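Structure, as structure tokens:
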Amino acid sequence: MVKQLSITKTSNIDQKYGELSVQLGALIGDEKNLYANLANVSAALKQAFDFFWVGFYLVDTPDELVLGPFQGPIACTRIKKSQGVCGACWEQGKTIIVDNVDNYPGHIACSTESKSEIVIPVFQDNKVIAILDIDSNQLDYFNAKDAVGLEKICQIISDTL
Ligand code: SME
């Protein structure tokens, strides 16, 4: 098991996600406990990229997500299906990038410091079981490279289920 993350500071974004994926694979190993793995993935993403907020919402009932492991300021506890960016990601089953949260109809503001956001679904047997949600305090922060890197990380989580 990896005890310390090592991300090369000078790496470009693809390399950083690549380095992180390899180390997350080793960190997770054959651990099957979803909460433990989501907690470590949140911590690793925060440490590697210093995102403002990074964490998971888990499908809790047929129409509601509940807050899971995260790193950052306190956040909304429950989100209804189709509400906000996370609810839309759950409903659509696809990654959503929001360049400016103020321009996203229905965006749920857990912090006024969040300016842009990316959400990625985590699947089990082709059903969304959780959402990885990352907020930046800068506008236009996330791009297609983040989507590719984070979808790979969500796939690593799915592979444990
Ligand atoms: N902004 C999200 C809510 C969760 S927080 O960003 C942590 C949304 O609109 O679903």
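Odds and ends about this structure:
- Some residue of the stretch 41-52 being among the hydroxyl-bearing types (S, T, Y), touching a helix residue (DSSP H, G or I) at 6+ places or on another chain (Cβ under 6 Å) and at pLDDT 95 or above: no
- Residues (of a type in the set (S, T, Y) and either within 16 Å of the ligand (Cβ to nearest atom) or in contact with an Asp or Glu (Cβ under 6 Å, 6 or more places away or on another chain) (or both)) located in the stretch 21-79: S42, Y57, T77
- Of all residues in the stretch 45-101 being within 27 Å of Q15 (Cα to Cα) and small (G, A, S), the one that is surrounded by the fewest Cβ atoms within 10 Å (Cβ to Cβ): G93
- Within the stretch 112-124, tally of residues that are free of Cβ contacts under 8 Å to residues at least 60 places away in the same chain and touching a helix residue (DSSP H, G or I) at 6+ places or on another chain (Cβ under 9 Å): 9
- In the set I97, I79, only one residue is in contact (Cβ under 8 Å) with a residue 24 or more places away in the chain, of a type outside the set (K, R) and over 17 Å from G149 (Cα atoms); that residue is I79.
- Screening K152 with (1) away from the ligand (no atom under 13 Å from the Cβ); (2) surrounded by fewer than 15 Cβ atoms within 10 Å (Cβ to Cβ); (3) among the basic types (K, R) gives one miss only, at (2).
- Filter result for L20 (part of a strand (DSSP E or B) and closer than 30 Å to S6 by Cα): no
The values are calculated or read from the model by the stated rules, or taken from the named source; none is laboratory data. Source: prediction; values computed, not measured. Glycine also receives a Cβ, built like all others from the backbone with ideal geometry; neighbour counts cover every protein chain displayed.
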